[in-house]
Amino acid sequence: MKTLVVYSSRTGNTKKVAEAVFESLPEPKELFAAADAPDPEGYDFIALGYWVDKGTADAGAAGYMKRVKGKKIGLFGTLGAYPDSDHARQCKEKVRDLVSGNEILGEFLCQGRVDPELIKLMETKMKDDPHHSMTPERRARHEEAAKHPDETDLAEARKMFARLAVLAAEEGQPCAG
Ligand SMILES: Cc1cc2nc3c(=O)[nH]c(=O)nc-3n(C[C@H](O)[C@H](O)[C@H](O)COP(=O)(O)O)c2cc1C
């Protein structure tokens, strides 16, 4: 089974998760940033990583996702919101839509530190915008996000993708007897 990991990452959070996912997978395997990734044909299992941008996968990841059809895939991503929030659930749904036509074996999503430049913008230029202005609740969420992805997140990602690789390989085998 040939495995491919493709990710998009602006500030490094999703790259960290991609590297953990990659470590957990059996050989033969390859790891690429979406901009440099090869054609998905020729791979049996593809792990696709994105960061959440305005409620869905970022454009770099989404562009590659469109090229993937009829494959066994695993999704992983990072976002500023809490992974158990409604927002996170809605993001996952949107990403699932982007990869329709593939068999999703599993999904992983964890928080990732929000770019301090964006936080600064929220505190200044967006301060009168109710959707983005800095509130105590939003500040607490950003403080928590700043600790992620942490070792626990990376261990979970490794564990999940090791399992997905086994699933992908098993399903690919013809029935014995
Ligand atoms: C322009 C921009 C838009 C973002 N939009 C969202 C969003 O809609 N929801 C969310 O939970 N996080 C959002 N985030 C936070 C990122 O998804 C999060 O920090 C992520 O871990 C960044 O990943 P990266 O380091 O791999 O680029 C946004 C961040 C930026 C910079």
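The values are calculated or read from the model by the stated rules, or taken from the named source; none is laboratory data. In this text, all values refer to a predicted model and were calculated from it rather than measured experimentally. Note that each Cβ is placed from the backbone with ideal geometry, even for glycine, and that neighbours are counted across all protein chains shown.
Among the residues of the stretch 1-41, how many are touching a Ser or Thr at 6+ places or on another chain (Cβ under 8 Å) and more than 15 Å from the ligand (Cβ to nearest atom)? Counting residues in the stretch 1-41 that are touching a Ser or Thr at 6+ places or on another chain (Cβ under 8 Å) and more than 15 Å from the ligand (Cβ to nearest atom) gives 5. Residues in the stretch 78-97 that are near the ligand (Cβ under 10 Å from one of its atoms) and not in a helix (DSSP H, G or I) were compared, and the one that is surrounded by the fewest Cβ atoms within 10 Å (Cβ to Cβ) is Ser85. For residues in the stretch 67-77 being on the phi < 0 side of the Ramachandran plot and out of contact with any helix residue (DSSP H, G or I) (no Cβ under 7 Å at 6 or more places or on another chain), which is surrounded by the most Cβ atoms within 10 Å (Cβ to Cβ)? Per the stated criteria, the residue is Ile73.
Could you tell me whether Glu19 is more than 21 Å from Asp153 (Cβ to Cβ) and either modelled with pLDDT of 95 or more or more than 13 Å from the chain's Cα centre (by Cα) (or both)? No: the conditions fail for Glu19. Residues in the stretch 22-41 that are part of a loop (DSSP other than H, G, I, E, B) and either more than 12 Å from Met1 (Cα to Cα) or aliphatic (A, V, I, L, M) (or both): Leu25, Ala37, Pro38, Asp39, Pro40, Glu41. When the stretch 42-64 is filtered for residues that are away from the ligand (no atom under 16 Å from the Cβ) and either at pLDDT below 95 or not in a loop (DSSP other than H, G, I, E, B) (or both), the ones remaining, listed by number, are Gly42, Phe45, Ile46.
Residues that are closer than 20 Å to Tyr7 by Cβ and more than 18 Å from the chain's Cα centre (by Cα) do not occur anywhere in the stretch 56-68.
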